[in-house]
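The structure under discussion appears below in the form of structure tokens.
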Amino acid sequence: MPSSSNTAKHAKKMPQIGYGTWNRDEQQAYQGVLDALELGYRHIDTAQAYANENAVGKAIQDSAIQRGDIFITTKVDPVNYGPGEVAPSVERSLQELGCDRVDLLLLHFPSLYDKYPLQDYFAQLLQVKQQGLCDAIGVSNFTKAYLDACLPLLGDEQITCNQVELHAYMQNNAIVEHCKKLGIVITAYSPLARGALLDDPLLNDIASRHQASASQVALAFLMNQGYAVIPSSASKMRIQENLDAGKLQLSAEEIKQIKTLDRGMRLVDEDWCPRWD
Ligand SMILES: NC(=O)c1ccc[n+]([C@@H]2O[C@H](COP(=O)([O-])OP(=O)(O)OC[C@H]3O[C@@H](n4cnc5c(N)ncnc54)[C@H](OP(=O)(O)O)[C@@H]3O)[C@@H](O)[C@H]2O)c1
């Protein structure tokens with residue numbers, strides 16, 4: 001089970017399965033988070049760029065679950081990486097989310113086209129942590145080169161997590177290995193390849209052996225290797241189905257077979273995304 005090994009006294013472990021909220025409008029994000037918490041999720045993933053932090057926060061407040069029992073991740077939008085802009089943007093996020101700190105704060109992407117120097121916006125992230133606005137810091141979509149550039153800037157702090165695209169069709173082995181060496185937990189985003197792998201014959205064959213679904217096999221494949229996963233669904237039934245994937249134990253042979261499905265199928269591939277190295 002991955003954990004964020006940060007230094008804050010009250011920092012909690014990041015639950016291995018979380019509920020993703022990208023592309024969910026306010027109503028969907030509200031209902032999805034409410035359903036996810038009711039069903040047992042204790043890890044919610046949002047971002048400034050998703051424009052739904054307010055709905056996520058409202059669902060958390062309206063749920064029967066205490067804030068202290070929920071692990072909240074949000075991400076700083078690269079448009080807020082300018083000088084002196086990171087902390088005010090995080091304060092706005094906290095106001096939207098209705099809490100005084102998040103459990104994990106990520107830089108959503110390296111600055112687009114390197115508009116802002118990494119030294120500057122990363123230093124601002126560290127400052128936000130020192131201010132106590134988050135319990136742990138991390139990054140998302142950071143390549144090996146960007147991670148390496150952060151290392152001399154860290155001081156006593158740690159990058160606890162790199163959230164990257166990772167699914168059976170895009171196994172991203174080089175960055176995974178690099179993060180392992182650095183002790184950085186991997187969170188797999190788009191773990192279901194946005195549905196693209198659900199008709200896969202091998203995943204369905206393995207699923208039938210376990211009385212499970214292809215989506216559960218796809219998630220178990222990632223979780224069995226120690227990654228956190230943050231699938232998203234608007235359907236309460238599928239939110240439950242995804243959570244239940246945590247109970248599925250695949251054999252070493254099945255994992256080996258699924259590894260052969262890797263085809264470098266990158267879904268988040270805009271021209272401003274860094275190339276994986
Ligand atoms: N850091 C980043 O740059 C970044 C980028 C992308 C995503 N993310 C995070 O990762 C989360 C998940 O990624 P994602 O939303 O891109 O893709 P995903 O979770 O791989 O796939 C979501 C899609 O799969 C469908 N689905 C979900 N569960 C299913 C099931 N059990 N059976 C069949 N279909 C199912 C959903 O449809 P229904 O709603 O109809 O169920 C939805 O269309 C995001 O919500 C976001 O929090 C982060």
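So what is Rg over Rh here for the chain, counting just Cα atoms and using Kirkwood for Rh? Intermediate results must be reported in sequence, preceding the final value.
Working: Rg = 17.9 Å, Rh = 18.8 Å.
Checking Rg against Rh, the ratio lands at 0.95.
By the scheme Lys and Arg +1, Asp and Glu -1, what is the net charge of all other residues having a beta-carbon under 14 Å from that of Leu153? Numbers along the way, then the final one.
On the way: positive: Lys129; negative: Asp120, Asp148, Asp156, Glu157.
Spelling it out: positives minus negatives among the neighbours equals -3.
Pull up all non-local amide H partners of Cys134: gap of 5 or more, or a different chain, and H-to-H distance under 5 Å with H placed in the peptide plane.
Val102
Determine ³J(HN,Hα), in whole Hz, for all residues of the stretch 138-149 in sequence, where each value follows from phi through the Karplus function 6.51 cos²θ - 1.76 cosθ + 1.60 and θ = phi - 60°; x replaces Gly and Pro.
Ordered by residue, 3J(HN,Hα) equals x, 9, 9, 6, 8, 7, 4, 5, 5, 4, 4, 5 Hz.
What number comes out for the charge environment of Ala188, summing +1 per Lys or Arg and -1 per Asp or Glu over other residues with Cβ under 12 Å away?
-2
Using a Förster distance of 41 angstrom, determine the FRET efficiency expected from the C-beta separation of Gln249 and Gln27, and round it to 0.05. List each step's numbers first, then the result.
Values: r = 36 Å, r/R0 = 0.88.
So the FRET efficiency works out to roughly 0.70.
Sort 156-168, 264-276, 173-185 for me by packing, meaning the mean count of neighbouring Cβ atoms within 10 Å per residue, highest on top. The partial results should precede the final answer.
Numbers: 156-168: 22.2, 264-276: 11.8, 173-185: 16.1.
So the peptides 156-168, 264-276, 173-185, ranked by packing, come out 156-168, 173-185, 264-276.
Cα-based Rg (one decimal) and Dmax (whole number) for the stretch 115-177, in Å?
12.9, 40
For the stretch 116-248, report the % of Cα-Cα distances exceeding 24 Å. Could you put the intermediate results ahead of the total?
Numbers: 3446 of 8778 pairs.
For the stretch 116-248, the fraction of Cα-Cα distances above 24 Å is 39 percent.
Give me the net charge of Leu202's neighbourhood, meaning all other residues with Cβ under 15 Å from the Cβ of Leu202; Lys, Arg count +1, Asp, Glu -1. Don't skip to the answer; put the middle values down first.
Working: positive: Arg209, Lys256, Lys259, Arg263; negative: Asp199, Asp200, Asp205, Glu253, Glu254, Asp262.
Summing Lys/Arg as +1 and Asp/Glu as -1 gives -2.
How large is ³J(HN,Hα), in whole Hz, for each residue of the stretch 164-175 in order, when computed from phi with the Karplus curve 6.51 cos²θ - 1.76 cosθ + 1.60 and θ = phi - 60°, using x for Gly and Pro?
In residue order, the calculated couplings are 9, 5, 7, 7, 4, 8, 8, 8, 6, 4, 5, 6 Hz.
Tell me the relative contact order for the stretch 84-243 as a rounded percent, counting alpha carbon contacts under 8 Å between residues six or more apart.
Numbers: 213 pairs, mean separation 26.0, N = 160.
Taking the mean separation of contacting Cα pairs over the length of the stretch 84-243, I get 16 percent.
What ranking do 20-31, 213-224 get when scored by the average of other Cβ atoms within 10 Å per residue, highest first? Could you put the intermediate results ahead of the total?
Values: 20-31: 18.5, 213-224: 23.9.
Per-residue Cβ counts within 10 Å, averaged per peptide and sorted highest first, yield 213-224, 20-31.
So if I average 1/r over every pair of distinct C-alpha atoms in the stretch 33-102 and take the inverse, what Kirkwood radius in Å does that give?
Numbers: mean 1/r = 0.0807 Å⁻¹.
Evaluated over the stretch 33-102, this radius sits at 12.4 Å.
Number of Lys pairs in the chain with C-alpha atoms less than 14 angstrom apart, excluding same-chain neighbours closer than eight positions?
Details: Lys9/Lys129; Lys75/Lys129; Lys144/Lys180; Lys144/Lys181.
The number of close lysine pairs in the chain is 4.
Any read-out appearing in this document is the output of simple, stated calculations on the displayed coordinates, not a laboratory observation. These figures come from a predicted structure and were not determined experimentally. Glycine also receives a Cβ, built like all others from the backbone with ideal geometry; neighbour counts cover every protein chain displayed.
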